[in-house]
Amino acid sequence: MMFPLARNALSSLKIRSILQSMARQSHVKHSPDFHDKYGNAVLAGGTAFCVVAWVFTATQIGIEWNLSPVGRVTPKEWKHQ
């Protein structure tokens, strides 16, 4: 009996606090900060760096990947006893 009452009280408090914070943020003038100005460029640069680093690693440092044995493995002859 107490659990639904407490749950309803907590949910109404959460909704009120969310609405209050939304109202607070809507009155503040939003000036562009570092993330607004450079966020997409930093994200694109980091992505490009990671892709280039992985491509270099996969192609240039001599790892033998052994992806498929087709053409390299030949079956041995059966030994008849």
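The values are calculated or read from the model by the stated rules, or taken from the named source; none is laboratory data. This structure is a prediction, so every number in the text was calculated from the model and none was measured. Glycine gets a Cβ as well: all are built from the backbone with ideal geometry, and neighbour counts include every protein chain shown. SASA here: full protein model, heavy atoms, side chains in, ligands and nucleic acids out. Shrake-Rupley method; radii C 1.70, N 1.55, O 1.52, S 1.80 Å.
Flag: Gln60 does not match the condition of being at pLDDT below 75 and open to solvent by 100 Å² or more (accessible area, probe 1.4 Å). Could you please let me know if Ala48 is surrounded by 10 or more Cβ atoms within 10 Å (Cβ to Cβ), modelled with pLDDT of 70 or more and in a helix (DSSP H, G or I)? So Ala48 fits the description; yes.
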